[in-house]
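Here is the structure we will look at.
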Amino acid sequence: MPERFDKAARAGNSTKGLVHYMNRLQKARRRGNARKIAKFERKVQKYSGLAAAAAAARPAPPRLPRQPRRRGPKKRKTSRFIGVSWDAAMGQWRAVVKVGDKLIQIGRYDDEEVAARKYNEYVRRHDLGNPLNDVDATGKPLPTTVKRSSRFWGVSWYPPTSKWRVHYYDDSKPRCKKCHVGCFVDEERAALAYNEAVIAADLADIRKMNRVDASGRPIPKDQD
């Protein structure tokens, strides 16, 4: 049988009293008893106020101190060297080389510089012509993030492609237009491409040109 709510029970738990009289009100509405409907509506209104007052008087639960977010050490996702990338699944540096549309994996290494050396060795051994990592006097690979400047006019290093980019300015345009020629693996080939583009645009008289020696190789501008 449903629990009966006497005065003591109603005083002790107003929330249960509210639920009790809401159920009684629904039952009275289904039966169409107007007298009981009016009675239980008054009870529901009364216990709604009592339940709200009890909830307001109830002390709020203690707030737990906010735990600092745990952050592990940041791992570098990109390599400083050409042909090297981080393999998160294996936790090693991966050396790869692109030949045409095919990506060849050279190997995985714990040390980033070792991966860069292996990449250079593979490119040289197979004579692929891909860009190489520069090395210092001891043979240690130099990061590609180091700013590189060209020895020739119209040539600059372009980090996104790890190639030498060639451009010249055409003053005959309404605005001095920067004309892009292309990107080249070899710096000297880029210098010769600059010369050819400037001559083709009929700007050789007003633009600085890279001089060439008897064998056809461009001469660096600091030796000109």
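The values are calculated or read from the model by the stated rules, or taken from the named source; none is laboratory data. In this text, all values refer to a predicted model and were calculated from it rather than measured experimentally. A quick note on method: Cβ atoms are made from the backbone with ideal geometry, for glycine too, and the neighbour counts reach across all protein chains shown.
Points worth noting:
- Scan of segment 178-215 for residues that are outside any helix (DSSP H, G or I) and either of a type in the set (D, E, K, R) or free of Cβ contacts under 8 Å to residues at least 12 places away in the same chain (or both), ordered by number: 178, 186, 202, 204, 205, 207, 208, 211, 213, 214, 215
- Residue 36 meets all of the listed conditions (1) out of contact with any Leu (no Cβ under 7 Å at 6 or more places or on another chain); (2) in a helix (DSSP H, G or I); (3) modelled with pLDDT under 80; (4) surrounded by 12 or more Cβ atoms within 10 Å (Cβ to Cβ) but one, namely (3).
- Checklist (1) loosely packed, with under 15 Cβ neighbours inside 10 Å; (2) at pLDDT below 80 applied to residue 52, failing item: (2)
Here's the yes/no breakdown for (1) exposed (fewer than 15 other Cβ atoms within 10 Å of the Cβ); (2) touching a residue at least 60 places away in the same chain (Cβ under 8 Å); (3) closer than 20 Å to residue 98 by Cβ; (4) outside the structural domain of residue 86 (by TED's automatic domain parsing):
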{"site": "110", "(1), (2), (3), (4)": "yes, no, no, no"}
{"site": "116", "(1), (2), (3), (4)": "no, no, yes, no"}
{"site": "119", "(1), (2), (3), (4)": "no, no, yes, no"}
{"site": "122", "(1), (2), (3), (4)": "no, no, yes, no"}
{"site": "126", "(1), (2), (3), (4)": "yes, no, yes, no"}
{"site": "133", "(1), (2), (3), (4)": "no, no, yes, no"}
{"site": "138", "(1), (2), (3), (4)": "yes, no, no, no"}
{"site": "149", "(1), (2), (3), (4)": "yes, no, no, yes"}
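- Within segment 6-33, tally of residues that are part of a helix (DSSP H, G or I) and modelled with pLDDT of 85 or more: 10
- Residues within segment 77-131 that are assigned to a helix (DSSP H, G or I), polar (S, T, N, Q) and farther than 27 Å from residue 189 by Cα, tallied: 0
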